[in-house]
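Asker: If you scroll down you'll find the structure; I have some questions about it.
The values are calculated or read from the model by the stated rules, or taken from the named source; none is laboratory data. None of these values were measured; they are calculated from a predicted model. For neighbour counting, all protein chains shown are included, and Cβ atoms are generated from backbone atoms with ideal geometry for every residue, glycine included. The protein model used for the area step is the full one, side chains on, heavy atoms only, and it has no ligands, DNA or RNA in it. Shrake-Rupley method; radii C 1.70, N 1.55, O 1.52, S 1.80 Å.
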Amino acid sequence: YDVILHEFNKYTYQNMAKKKRKKTSKKYISHIGLSLILLATAIIGMAFIPISGKDGKQILYIDNNDNADSVYEKMSVFCKPYVMPLFKTGSALLSYEDNIRTGRYEINNDGALTLLRKLRNGTQTPVRLTIPCVRTMEQLAGFLSHKLMLDSTDVINSLNNPEHCSQYGYTPETIAALFIPNTYDIYWNTGWEKFMKRMQDENRKFWNEERMSKAESAGLTEDEVVTLASIIDEETSNNGEKPDIAGMYLNRLEKGIPLQADPTIKFAMKKFHLRRIYNKMLDVNSPYNTYRNKGLPPGPIRIASVAGIDAVLNHTDHNYLYMCAKEDFSGTHNFAETYEEHLRNAKKYTEALNKRNIK
């Protein structure tokens, strides 16, 4: 009897233990399954839930001095709070903290995982950069420092440095001729030297065989074409009239007559706001004073427009030697072949200025 009872108890204990193990195993498997579901949900959330909580595209700029925490801080401005923990988790898993890349990143409907891959791989959205027709290199430096990851002081120091300019075939006086004011796709974190090389390449593309041939026919170098174009751009914004003005200035150059271009006086005095040029201003001591000096000034007085450059290359052939702004302030000019005719035109314009009390 004792033997039978012992065997019965042993069987009962083993059976209960077996059932308990099965129950524990099922509970463990259930927990694993739930964890996997939560993990899959998180991954799907990272991949597909837009990280931005704002309408329209958002731009994230990452600088040289940024670390993971500062990137997260910048992202917090537009990122949905409940998505940010997913992004940080993914960042840790993919070691983003050790792979931070500078750049300009556009965020539209990107999920956290998509954005993380962008940032880790440095997949930027380029800047649509249009070179402006500014009057000074200081203005260009300021513009570029606002559009690209460049320091304005470094830019202007380079543009004023003869040795640096000579690397691209220019001087500080002619360096403005390097920049062709078209629109370019450029990465925000492009370095200065790489940017200058890009501008040099674009300049070479612009000066194709046809343009170079026309410049040679006009008896001008490429830099001289741009210099004359910069004066014409300052004379008028009317592109239709620019070939006529170009023809007049070329006539004066051919005859050895000083250009007597008022915009060069403004440039020499660095007083671009002037609306009238008085005789007392014509003696300013500057190589840019085209009243005192024959020929073209040392370099462009602004970044010349493409329309201005092409106006010089496709100038109108005529006999005009003089021009004066029209008295109707239309922005166009009266042209003259003789000095006497020019004086009559100048008198009408002066009377119009006086009538409007323009100083």
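Asker: Return the subset of Lys80/Lys147; Lys54/Lys147; Lys147/Lys214; Lys294/Lys355; Lys214/Lys294 for which the Cα-Cα distance in this structure is over 26 Å, preserving the input order.
Answerer: Beyond 26 Å: Lys80/Lys147; Lys147/Lys214; Lys294/Lys355.
Asker: Working out 0.36 nm times the residue gap between Thr171 and Ala68, then minus their Cα-Cα distance, what length gain in nm do you get to one decimal? Present the calculation step by step, with values, prior to reporting the outcome.
Answerer: Numbers: separation 103, 0.36 × 103 = 37.08 nm, distance 4.26 nm.
Going from the current span to full extension adds 32.8 nm.
Asker: A follow-up question, please. Between Lys197 and Glu254, what FRET efficiency follows from the Cβ-Cβ distance if R0 is 41 Å, with the result rounded to 0.05?
Answerer: About 0.65, to the nearest 0.05.
Asker: Using the heavy atoms of the protein chains and a 1.4 angstrom probe, tell me the accessible area per residue for the chain in square angstrom. If you can, show how the numbers build up before the last one.
Answerer: Numbers: 20520 Å² over 359 residues.
Per-residue value: 57 Å².
Asker: Excluding ligands and nucleic acids, what accessible area in Å² is computed for His273 using a 1.4 Å probe, to the nearest 10?
Answerer: Roll a 1.4 Å probe over it and His273 shows about 140 Å².
Asker: Can you tell me the length gained on complete extension of the stretch Leu93 to Asp328, counting 0.36 nm per residue apart and subtracting the Cα distance?
Answerer: Net length gain for the segment: 77.5 nm.
Asker: Relative contact order for the chain: what percent, with Cα pairs under 8 Å and sequence separation of 6 or more?
Answerer: Values: 478 pairs, mean separation 48.4, N = 359.
Relative CO of the chain lands at 13 percent.
Asker: Between Ile49 and Asn121, what is the spin-label point distance in nm, taking each point 7 Å from the Cα along the Cα→C-beta axis?
Answerer: Here the answer is 2.4 nm between the modelled labels.
Asker: Classify segment 150-200 from the C-alpha gyration tensor, please: rounded if a/c falls under 1.5, else prolate or oblate depending on whether a/b exceeds b/c.
Answerer: Cα axes put segment 150-200 in the oblate bin.
Asker: Can you work out the FRET efficiency for the pair Asp151 and Glu341, with r the C-beta to C-beta distance and R0 = 45 Å, to the nearest 0.05?
Answerer: 0.30
Asker: Express in whole angstrom the spacing between the alpha-carbon centres of segment 211-275 and segment 139-173.
Answerer: What the calculation gives is 24 Å, centre to centre.
Asker: Moving on to the next point. Taking a cut-off of 13 Å between Cα atoms, list the aspartates and glutamates near Lys270, but don't count ones fewer than 8 places away on the same chain.
Answerer: Counting by Cα, and skipping residues close in sequence, Lys270 has these aspartates and glutamates nearby: Glu138, Asp262.
Asker: Given 4 °C and 1.567 mPa s, how large is the Stokes-Einstein diffusion coefficient of segment 39-165 in µm²/s, with Rh as the Kirkwood radius over Cα pairs?
Answerer: The estimated diffusion coefficient comes to 79 µm²/s.
Asker: Starting from the Cα gyration tensor of segment 210-359, multiply each eigenvalue by 5, take the square root, and state the resulting semi-axes largest first in whole Å.
Answerer: Its equivalent ellipsoid spans semi-axes of 24, 17, 15 Å.
Asker: A further question on this structure: Please report, in whole Å, how far the alpha carbons of the chain spread along each principal axis, starting with the longest.
Answerer: 146, 45, 34
Asker: Please report the carbon-and-sulfur percent of the accessible area for the chain; probe 1.4 Å, protein heavy atoms only, DNA, RNA and ligands left out.
Answerer: Reported share for carbon and sulfur atoms: 51 percent.
Asker: Give me the number: length gained by fully extending His273 to Thr221, i.e. 0.36 nm times residue separation minus the C-alpha to C-alpha distance, one decimal in nm.
Answerer: Working: separation 52, 0.36 × 52 = 18.72 nm, distance 3.03 nm.
Full-extension gain reported as 15.7 nm.
Asker: Moving to a separate point now. What does the net charge come to around Thr290 if you take all other residues with beta carbon closer than 13 Å to its beta carbon, with K and R at +1 and D and E at -1? Don't jump to the answer; show the numbers that get you there.
Answerer: Values: positive: Arg252, Lys266, Arg292, Lys294; negative: Glu234, Glu235, Asp262, Asp283.
Local charge sum for Thr290: 0.
Asker: On to the next question. Compute the signed sum of charges (Lys and Arg +1, Asp and Glu -1) over the other residues within less than 12 Å, Cβ to Cβ, of Ser217.
Answerer: Counting the neighbours of Ser217, the net charge comes to -1.
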